Amino acid sequence: MSELLANIGFLQEGPFSVPRWEALFSNFGVLVDGALVTLLVASLGLALALALGTAIGVMSTSQWRVPRAFARGYVEFFQNTPLLIQVFMIYNALPIIYPRLFIPVIAIGIMGVGMYHGAYIAEVVRAGIQSIGRGQLEAAVSQGFSYVGAMRYIIIPQAMRVVLPPLTNQAVNLIKNTSVLAIIAGGDLMYAGDSFAGRFGHYGPTYIMVGLIYFLMCFPLAMLARRLEERTRAA
């Protein structure tokens, strides 16, 4: 009997008590708004990362030294410095260097995760291009294609089948890394959950629900990456 009463007391007053869950669900729109911001930043950040990553990846396999050196420097810098430091630099340093420059917080998040994951996508693209036989590039050039044309119409389309699984994994990591926006009050899911928990003290239910929402956004992409990888191996 005493154990039953203890369990009832925990449900009413503990860190995961029923009233705390009720309070969270009655204000669930806060998390929904944060999730929408996260999806917006992740979508635009991924578009930027794909554009940068493809360009840098192609440059890293270039026959000219300067593009290769630039690509190597870009990749090494962004892969070997924390994303949080990069976001802080955009958020704090740019206004000091350019006092009249105003960058919205969401744009900072898009730039931050886009440039960061662009470095990783560049390595994926580079590996995909190098997996295609060098003879195909030479044959395309001998048929009158320029280097850029050969990459665009012959090499990259073939490499895409190889790079799709790791690109999907990068999308998963990018969604999770949007949580750095919480540090600069970016209005994302992590910031919304942290603000709500800090205001009302409902930390347990809030962080469980935030983690579940991240899982629901990332798990389908993780499964897609696994299927694409299995299909690539079977081909």
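The values are calculated or read from the model by the stated rules, or taken from the named source; none is laboratory data. These numbers come from a predicted model, not from an experiment. Positions of Cβ are generated from backbone atoms using ideal geometry, with glycine treated the same way; all protein chains shown enter the neighbour counts.
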Checklist entry - What is the one condition in (1) more than 22 Å from Ala119 (Cα to Cα); (2) at pLDDT below 80 that Val148 does not satisfy? => result (1)
Next on the checklist: I'd like to verify a number: residues in segment 47-75 that are loosely packed, with under 13 Cβ neighbours inside 10 Å, over 17 Å from the mean Cα position of the chain (by Cα) and touching a residue at least 12 places away in the same chain (Cβ under 8 Å), how many?
Outcome noted: 1
Checklist outcome for this item: Within segment 106-128, restricting to residues that are over 16 Å from the mean Cα position of the chain (by Cα) and hydrophobic (A, V, I, L, M, F, W, C), the one that is nearest to Gly53 (Cα to Cα) is Val125
Checklist outcome for this item: The condition from (1) closer than 26 Å to Val180 by Cβ; (2) not in a helix (DSSP H, G or I) that Thr54 misses is numbered (2)
Checklist entry - Among the residues of segment 128-146, which ones are of a type in the set (Phe, Trp, Tyr) and surrounded by fewer than 13 Cβ atoms within 10 Å (Cβ to Cβ)? => result none
Checklist entry - Here is a list of conditions, (1) at pLDDT 90 or above; (2) buried (at least 20 other Cβ atoms within 10 Å of the Cβ), and Ile155 meets all of them except one; can you say which number that is? => result (1)
Item to check | Enumeration of residues in segment 1-46 that are in contact with a Leu (Cβ under 6 Å, 6 or more places away or on another chain) and modelled with pLDDT under 80 | outcome: none
Checklist entry - What helices (runs of 4 or more DSSP H) completely inside segment 105-224 contain at least 2 residues that are closer than 30 Å to Met89 by Cβ and hydrophobic (A, V, I, L, M, F, W, C)? => result 105-130, 156-177, 189-200
Checklist entry - Can you find even one residue in segment 139-148 that is small (Gly, Ala, Ser) and within 30 Å of Glu22 (Cβ to Cβ)? => result no
Checklist outcome for this item: Selection from segment 123-172 of residues polar (S, T, N, Q) and within 20 Å of Ala71 (Cα to Cα) yields Gln130, Ser131, Gln170
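Table: residues versus (1) within 16 Å of the chain's Cα centre (by Cα); (2) modelled with pLDDT under 90.
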{"site": "Asp194", "(1), (2)": "no, no"}
{"site": "Ile208", "(1), (2)": "no, no"}
{"site": "Ile213", "(1), (2)": "yes, no"}
{"site": "Met217", "(1), (2)": "yes, no"}
{"site": "Arg226", "(1), (2)": "no, yes"}
{"site": "Arg231", "(1), (2)": "no, yes"}
Item to check | Leu221 hydrophobic (A, V, I, L, M, F, W, C), out of contact with any strand residue (DSSP E or B) (no Cβ under 8 Å at 6 or more places or on another chain) and surrounded by fewer than 18 Cβ atoms within 10 Å (Cβ to Cβ) | outcome: yes
